[in-house]
Amino acid sequence: MICFIDFETTGIDVFKDRPIEIGAILIDENLEITKSFHSFINPNFKRPFKASAKKTHGIKDFTYLSNEPLEDEVLDLFFNKMGTNYSFCSWNISFDVTFFRRMCHRNNRMRDFNKINYRHLDLQSIMKYYNDINNVITKKNSLDNNLNLLNIKRPNIHSALEDAKLIFDLYRYIYKR
């Protein structure tokens, strides 16, 4: 099984920034969605959000998330619903898995994290290879550019669950080829 995962964060520095939204889609071997998960996350700190992050997800600062669950509660909900019997897949697997791992580490959930199959899939690399062998020319190997090649429109303001679904759509497209 594969769990397509995406995070929205306060920035890109895994040591200074925090996840503020998680979205995940779990599929079976028939490419059928069996479960999905979405939650905003209260980062529980008052460090300013990066301007580029605000532009991506539209959340201006921590006050918008003050009533959302903290990381430990989100991890409880995630592992209770999604389990650990899968590999992760995301557009930039290094980014998403590292933020997830750090969140697990901060909240004493490494035992659960280590149960997840560590052979993750990076769809950005897979799409780069697919485009190269099929002589598909893109401006850059971005999620938006690859979605545009398939005439899939992505909202300007990103949602982690919507992005997880879009990543799954790209995966399914490649899988069927």
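The values are calculated or read from the model by the stated rules, or taken from the named source; none is laboratory data. Predicted model, so just to flag it, every value in this text is computed and none were measured. Positions of Cβ are generated from backbone atoms using ideal geometry, with glycine treated the same way; all protein chains shown enter the neighbour counts. To get the accessible areas, we keep the full protein, side chains included, count just its heavy atoms, and leave off ligands, DNA and RNA. Shrake-Rupley method; radii C 1.70, N 1.55, O 1.52, S 1.80 Å.
General remarks:
- Helical mean residue ellipticity (222 nm; -39500 (n - 2.57) per DSSP H run of 4+; nearest 500) of the chain: -12000 deg cm²/dmol
- Interchain or long-range residues, amide H under 5 Å from F88's placed H: C3, L121
- Too-long pairs where the Cα-Cα distance tops 31 Å, listed order kept, from K128/K165; K115/K153; K16/K176; K16/K165; K16/K115; K81/K153: K115/K153; K16/K176
- When the alpha carbon gyration tensor of the chain is reduced to an equivalent ellipsoid, its three semi-axes come out at 26, 20, 14 angstrom, largest first.
- A viscosity of 0.692 mPa s and a temperature of 37 °C, combined with the Kirkwood radius over C-alpha pairs in the Stokes-Einstein formula, give region 63-105 a diffusion coefficient of 277 µm²/s.
- Taking amide H positions as modeled 1.01 Å from N, with prolines and chain starts lacking one, the residues under 5 Å from K35 and 5 or more places away or on another chain are L26.
- Alpha carbon centroid spacing (whole Å) that separates region 76-114 from region 1-36: 8 Å
- A cut-off under 13 angstrom between Cβ atoms defines the neighbours of N148, and their net charge, with Lys, Arg +1 and Asp, Glu -1, is +2.
- For region 85-95, 3J(HN,Hα) computed residue by residue from phi via the Karplus equation (6.51, -1.76, 1.60; θ = phi - 60°) reads 8, 6, 10, 7, 9, 8, 5, 10, 4, 4, 5 Hz, glycine and proline entered as x.
- Debye equation applied to the C-alpha atoms of region 76-167, log10 I(q)/I(0) at 0.25 Å⁻¹: -1.32
- Taking θ as phi - 60° and the Karplus parameters 6.51, -1.76 and 1.60, the scalar couplings of region 164-177 work out to 4, 5, 5, 4, 4, 4, 5, 4, 4, 4, 5, 4, 6, 8 Hz in sequence order, x denoting glycine and proline.
- Distant-in-sequence amide H partners of E21 (H built 1.01 Å from N, under 5 Å): E8, I41
- The chain - percent of accessible surface contributed by carbon and sulfur, probe 1.4 Å: 48 percent
- Once the 1.4 Å probe is applied to the protein heavy atoms, the chain comes out at 55 Å² accessible per residue.
- Phi angles across region 70-83 convert, under the Karplus curve 6.51 cos²θ - 1.76 cosθ + 1.60 with θ = phi - 60°, into 3J(HN,Hα) values of 6, 3, 4, 5, 4, 5, 4, 4, 4, 5, 5, 8, 8, x Hz, Gly and Pro given as x.
- GNM on the chain, alpha-carbon springs under 10 angstrom: the most fluctuating residue among N80, N107, N134 is N134.
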